[in-house]
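Single-structure report; data block below.
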Amino acid sequence: MKQTARIHDLYRPVAERVRDYREVERRLPVETIREQAARCADCGIPFCHGAGCPLENCVPDFNAAAAAGNWNEAYRLLSQTSFFPEFTCRICPALCEGACCQGVAGEPVMIRQCEKAIIETAFQHGMVRPVRPVVRNGRRIAVVGSGPSGLFASEALNRTGFSVTVYEAAHRPGGLLRYGIPDFKLDKRVIDRRLEIMKASGIEFVTDTRIGQDISGTYLARHYDAVVLAIGTPAARDLSIPGRELKGIHFALDFLRSQTRSIHGEISENPLCAKGQRVLIIGGGDTGSDCAGTAIRQGAAEVRQIEIMPMPPESRSPSTPWPQWPWMLRTSSSHLEGCAREWNLASDCFLGNEAGQVTGVQAHQVEWALSPEGRPLKPAPVAGSERIIECDMVLLALGFTGVPAEGLAKELELDRTPRGALVPAPDRHIYALGDCANGASLVVRAMADAKKVTRQIAKDLLS
Ligand SMILES: Cc1cc2nc3c(=O)[nH]c(=O)nc-3n(C[C@H](O)[C@H](O)[C@H](O)COP(=O)(O)OP(=O)(O)OC[C@H]3O[C@@H](n4cnc5c(N)ncnc54)[C@H](O)[C@@H]3O)c2cc1C
């Protein structure tokens, strides 16, 4: 019998998609998904569930229901562990697939696509409805920040019977789901659709309100039974090399946020548009890749992404054996749209013209000492390898440095770890979750952390 193969052709054609900001991924027909779900072997020990998915989604069970075309049951199983599958099915790197047993000798099951078919079918057929608690327990909780961790915590606490108010500094809720991840990966209507359901379930949202500035943190601590900080890691890592003050050098997140705000009418003109410019992205991760796709859509003349680390291996590195999440080369939809990539390049200084505008970056090649498993350990400069990369715009996509010592951390007298993560004070009913408590990571991990911490909150406040 012919084996069903995993599908690789998931995106709309490049020539079409670079002309708009709509999601790049096309929806696979339901029949195709059923065939793909049937590839799941229903393993005795489901590593996808236990070792892969931080939310502990019961992958083999919902795959079996999807393969049978039983979408009601598939949605019931998926929604038991995951409140917002419509986010993860679009932007999760799918840690579950890295741990799928089919991936040991072949290719993993398309779990993320199965998840997408289940949740979108559920929305289509009106299965996704507000979950209101049977009784309110009389306790009030303030959640600060409405990124994935804040949203997940609000939903969990509301279902338990707490009255939840979410305070958000930005104009619209969603955190990095809305103002970081571009529309072409996550349509913002998907967030709005969910917010309507959350509001209907009794969760209150207060936007354009920065806690610590518009309302003090101590006020919240006095007026609520608990304060949950889900404020993310707002401070971007800088590149303090000569020439940093030149015009045309921006943080990646400012660039991405500006484009999103412009698409959704929050600003009339985008001040950070790359049209006609040669764009150099420093930092080889996903944020940099999102900048590449955005710059290409804006009409950049050239887009290049450079990275100090070496190019990862084409397939799973021995340093991350199955079922670990594999360290390997990843090529995003944005890379395929026309972004040149280079590795082993360290930046020395920015170069500029008389008008104070950046014109290039001087960089040099590095060579990495590797561990026996091939993991990079230490870089050394390659003599005589200096070169200039010409550009008109530089985007710094170098990660984040944690929560600043000033602001809410200071006001609420919270300790920070050496890496800038908030240390909660459960004795005072002040909690922290998501990126602000663990460092910049992934949407699915932020939500899994919210699940864990809200269980603790319920225990602390109700027992
Ligand atoms: C460009 C980019 C792309 C990414 N792409 C992916 C991806 O494809 N897949 C993936 O899994 N992960 C991705 N990530 C990582 C992911 O977005 C984060 O790990 C996740 O959003 C963290 O969630 P969070 O709720 O902890 O924080 P955030 O999403 O950062 O939300 C924090 C919220 O708190 C608000 N806030 C902060 N301070 C205050 C205050 N004082 N008062 C009120 N509100 C406040 C902020 O405005 C924000 O809305 C990406 C990250 C970036 C930067």
Between the stretch 1-45 and the stretch 116-170, what is the separation of their alpha carbon centroids in Å?
29
Given a Förster distance of 51 Å, the FRET efficiency implied by the Cβ-Cβ spacing of THR218 and ALA105, rounded to the nearest 0.05, works out to 0.30
Which value in deg cm²/dmol, rounded to the nearest 500, describes the helix-derived mean residue ellipticity at 222 nm for the chain, given -39,500 (n - 2.57) per DSSP H run of n ≥ 4 and division by the residue count?
-9000 deg cm²/dmol
With θ taken as phi - 60° and the coefficients 6.51, -1.76 and 1.60, list the Karplus ³J(HN,Hα) couplings across the stretch 450-463 in order, rounded to whole Hz; mark glycine and proline as x.
4, 4, 5, 5, 5, 5, 5, 4, 4, 5, 5, 8, 10, 9
Looking at the stretch 111-143, which trypsin sites (Lys or Arg not before Pro) are DSSP coil and have at most 14 other C-beta atoms within 10 Å of their C-beta?
ARG136
In whole percent, how big is the carbon plus sulfur part of the accessible area of the stretch 14-124, probe 1.4 Å, protein atoms only?
50
Using the Cα centre of the chain as the reference point, and only Cβ charges (+1 on K/R, -1 on D/E), how large is the resulting charge dipole? Debye, rounded to the nearest 20.
1040
In whole angstrom, how far apart do the alpha carbon centroids of the stretch 359-402 and the stretch 204-272 sit?
28
Expressed as a rounded percentage, what relative contact order does the stretch 321-463 have, with Cα pairs under 8 Å and six or more residues apart?
12
If you take the charge dipole of the chain about its Cα centre, with +1 on Lys and Arg Cβ and -1 on Asp and Glu Cβ, which of MET328, VAL131, LEU28 is farthest toward its positive end?
VAL131
With each label point set 7 Å from Cα along the Cα-Cβ vector, what nm distance links ASP42 and GLN3?
2.0
Using modelled amide H (1.01 Å from N, peptide plane; none on Pro or chain starts), what sits under 5 Å from the amide H of LEU351, excluding residues fewer than 5 places away?
THR359, GLY360, VAL361, GLN362
In nm, to one decimal, how far is the ASP238 label point from the ILE267 one, both placed 7 Å along Cα→Cβ?
2.0
For the stretch 249-396: span of alpha carbons on each principal axis (Å, largest first):
53, 39, 21
If each of ARG330 and MET309 carries a label point 7 Å out from its Cα toward its Cβ, how far apart are those two points in nm?
1.0
To the nearest 0.05, how large is the calculated FRET efficiency for ALA405 and ASP427 if R₀ is 22 Å and r is the Cβ-Cβ distance?
0.55
Quote the Stokes-Einstein diffusion coefficient, in whole µm² s⁻¹, for the stretch 217-284, based on the Kirkwood radius over alpha carbon pairs, a temperature of 37 °C and a viscosity of 0.692 mPa s.
211
Within the stretch 324-394: Cβ-based charge dipole about Cα centre, in debye rounded to nearest 20 (Lys, Arg +1; Asp, Glu -1)
380
Once the piece of chain linking ALA51 and LYS378 is laid out straight, how much longer is it, given 0.36 nm per residue of separation minus the C-alpha distance between them?
114.7 nm
With the convex hull built on the alpha-carbon atoms of the chain, volume per residue in Å³ sits at 168
Please give the FRET efficiency for HIS171 paired with ARG140, using the beta carbon to beta carbon distance and R0 = 22 Å, rounded to the nearest 0.05.
0.35
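So if I place +1 on the C-beta of Lys and Arg and -1 on the C-beta of Asp and Glu, and nothing else carries charge, what would the dipole magnitude of the stretch 318-463 be about its Cα centre? I want it in debye, nearest 20.
Magnitude of the dipole: close to 800 debye.
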Enter the Cα centre distance for the pair the stretch 425-452 and the stretch 46-63, rounded to the nearest angstrom.
21
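The values are calculated or read from the model by the stated rules, or taken from the named source; none is laboratory data. Remember, predicted model here, so these are calculated numbers, not experimental data. Quick reminder, even Gly has a Cβ in these numbers, built from the backbone with ideal geometry, and neighbours come from all protein chains shown. Side chains are part of the model used for accessible areas, which takes the heavy atoms of the whole protein and leaves out ligands, DNA and RNA. Shrake-Rupley method; radii C 1.70, N 1.55, O 1.52, S 1.80 Å.
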